[in-house]
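Quick notes on the structure that follows.
The values are calculated or read from the model by the stated rules, or taken from the named source; none is laboratory data. Small disclaimer: the values here were computed from a predicted structure and weren't measured. For neighbour counting, all protein chains shown are included, and Cβ atoms are generated from backbone atoms with ideal geometry for every residue, glycine included.
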Amino acid sequence: MSAQRPLSPHLQIYRHEITSVLSIMHRITGLLLCLGAVIVVAWVLSLAAGPAWHARYAAVVITLPGRLLLLGMVFSLLFHLCNGVRHLFWDMGKGFALSTTTASGWTVVVLSVLGTAYAALRIFGGTP
């Protein structure tokens, strides 16, 4: 073996681009939304089971971990929605220029964070 094969860059050397990070996050938030669907179903079942069961459900949701979970679900929903709209534009053949993909990626991040910050004000008892 006289020829040396190229080595893949190590994870500490590799520079992650915004598009690759958002692609990974899109998959992760999609999985988290499946968990969110289970939480919504539990809420509907607690409503159907009567006031006592709904009170138990609400008692769990109003705890700090419950509220943080809700906030994570809100971020997942907003991020997945915004990035999905971005992908719809790509499906139409628009926005493939490098500068546009970077700008739309950061737009997805900013909108998701701003929407989650607004939801945090509502979830943690701030002004509407």
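State yes or no: is LEU121 surrounded by 11 or more Cβ atoms within 10 Å (Cβ to Cβ) and either closer than 18 Å to ILE24 by Cβ or out of contact with any Ser or Thr (no Cβ under 9 Å at 6 or more places or on another chain) (or both)? When the stated conditions are applied, LEU121 does not pass them. Annotation for the range 93-101: at least one member residue is in contact (Cβ under 8 Å) with a residue 60 or more places away in the chain, under 18 Å from ILE24 (Cα atoms), hydroxyl-bearing (Ser, Thr, Tyr) and not in a loop (DSSP other than H, G, I, E, B). Selection of the range 54-85 for residues being among the aromatic types (Phe, Trp, Tyr) and free of Cβ contacts under 8 Å to residues at least 24 places away in the same chain yields only TYR57.
Okay, residues lined up against (1) at pLDDT 95 or above; (2) under 28 Å from LEU22 (Cβ atoms); (3) surrounded by 15 or more Cβ atoms within 10 Å (Cβ to Cβ):
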residue	(1), (2), (3)
VAL40	yes, yes, no
ARG56	yes, no, no
ARG67	no, yes, yes
SER76	yes, yes, yes
VAL85	yes, yes, no
TRP90	yes, yes, no
PHE96	no, yes, no
